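Q: One structure, pasted below without further comment.
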Amino acid sequence: MRRALTLGLGAVLLASSASGQNAGSFNRTGSGARAAGMGNAFIAVADDGTAATWNPAGLAQLRKPELSFVLSSIASRVDMEGFRSPDERFSFTPRRSDDQKQYVDFASLAIPITIGRPVTFQFGWRRLYSLDTDVGASFLREPTRLAAGEPALELYSQLRGRGSADVISLASAVRATPRLSLGVSLDLYRGSWDFRQLTRQRAEGGAPDYLEQDQMQGISGASLSFGAMAHAGGWRAGVVYHAALESDFRTTLTLDSTLPEPGFSTSQSIGDEARMRFPGSLGLGASWKPAPPWTLAADVTYDEWKEWTVSGVPGLDEPVSFADDRPVATTSTRNTLSLNLGAEWILQRAGFLVPFRVGFAHEPQGQRDPHLYAGHALRVLSVGVGYNTNRFKLDVALQRSWFDVPAAHALTIETLLGLPGTSPFDARGERHERFWRLKLSAILRIADTDKLKRVLGDLFGGS
């Protein structure tokens with residue numbers, strides 16, 4: 001049972017990546033419907049209340065205090081097709097699971113003031129990952145002609161998850177020169193989640209068996225993000241660096257099963273001695289306004305997913321990958337380079353503006369199948385529209401994202417527990433995931449700031 005008792009680290013969490021805030025992606029993108037409509041190409045734009053989540057230097061572009069609020073809604077579908085055992089003796093019927101959820105994504109207050117030169121401060125809260133999920137499916141393992149006479153096996157698998165990873169940010173930006181802005185953000189991470197996976201199986205004519213796995217995990221820590229933005233004419237260039245997060249890591253795994261006979265139950269925990277390292281990332285962006293109504297933007301982002309590790313676990317001599325429990329030198333996890341492209345065109349009317357947006361993203365994911373070494377890239381198409389009166393901004397974006405990848409899965413209780421005589425996985429086939437994500441942003445710009453300026457001026461000694 002070695003495989004079940006290693007605590008699994010992030011295996012269950014990563015297996016449920018469809019429930020992630022970014023719809024199948026753990027990439028650390030920012031928030032806001034305007035950016036979502038532009039395919040998440042926002043590092044060199046970042047000129048509204050969500051700026052600090054993309055590039056803290058962008059806050060220096062704000063002229064008035066802004067209150068921001070973002071809602072997200074995600075619908076996902078996962079299809080498993082063509083799964084067969086490695087020895088071709090069994091085939092598995094197709095299965096499908098659907099999930100959907102809605103949650104508050106982001107809220108912030110940004111305040112620009114003058115302390116010798118323009119400075120903007122922002123306090124924000126963000127749900128980096130929403131991990132609520134409830135998916136399940138019934139399917140059959142059927143013998144092929146190579147296993148004629150073997151009984152069919154009825155299988156049922158259900159995964160329920162509750163929890164999130166949240167970030168509280170204190171950000172500031174200053175206009176260092178007329179053409180250059182610099183920004184920094186202190187990010188406080190807090191997260192806890194509980195995943196419960198139930199597997200039932202019954203051979204034709206036999207008694208049913210079950211396996212219940214309950215994995216609770218939590219993190220807490222702080223990191224910094226640094227940004228810079230320069231502009232010349234209609235061009236802007238941006239760079240943002242998210243430093244790695246070094247956090248506490250807590251995990252408890254409880255197992256209860258009728259196998260191996262006569263059954264067993266166990267629980268193991270890792271406490272204060274464990275640490276998790278969430279990797280750093282570097283993003284570069286450029287935007288161009290070829291004409292007043294138009295904005296074109298492009299971003300590239302490098303993520304060091306090989307550095308997503310856990311250390312300080314009793315019995316482990318070196319840090320291991322959060323994704324597959326392997327040392328960094330042999331992990332199946334890879335570092336990635338993402339590409340995001342977006343465009344915005346603004347229709348001007350008396351007293352208000354109506355922006356239209358489109359975007360595309362190609363976002364490879366760090367986690368790969370640890371047996372097949374098969375990786376995948378999330379592809380994203382997005383559209384968006386808004387309503388802007390200068391004092392009030394309402395934006396809506398719809399993103400369609402998907403990926404297809406070969407996968408090897410442990411499906412039976414014997415294989416999930418790693419019982420003697422079993423292989424690392426029961427079947428390999430194709431995994432297809434499809435997501436719809438709807439984002440709604442509301443930003444209120446506070447026009448009457450005289451009293452606010454006086455209070456902040458007295459507080460900071462500025463004007």
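We did not get these values from a lab; they are worked out from the coordinates using the rules stated. Here the structure is a predicted model, which is why all the values come from computation and not from measurement. Quick reminder, even Gly has a Cβ in these numbers, built from the backbone with ideal geometry, and neighbours come from all protein chains shown.
Q: So between HIS432 and GLU273, what do we pick up on full extension, going 0.36 nm a residue minus the alpha carbon distance?
A: 53.4 nm
Q: On a full-extension model of 0.36 nm per residue, what is the gain between ARG391 and THR144, subtracting their alpha-carbon distance, rounded to one decimal in nm?
A: Gain on stretching ARG391 to THR144: 82.3 nm.
Q: Taking the Cα centre as origin and putting +1 on Lys and Arg beta-carbons and -1 on Asp and Glu beta-carbons, what dipole magnitude results for the chain, to the nearest 20 debye?
A: Its charge dipole is roughly 2160 debye.
Q: Name the GluC sites (Glu not before Pro) in region 256-340 that are in a loop by DSSP and that have at most 14 other C-beta atoms within 10 Å, would you?
A: Details: sites: GLU273, GLU304, GLU307; in loops: GLU273, GLU304.
Passing sites in region 256-340 are GLU273.
Q: Round to the nearest 10 and give me the degree value, 0 to 90, for the angle of helix 450-460's Cα axis relative to the longest principal axis of the chain.
A: 80
Q: Continuing with this model, one more query. Within the chain, how many Lys pairs that are eight or more residues apart, or on different chains, come under 27 Å at the alpha-carbon?
A: 12
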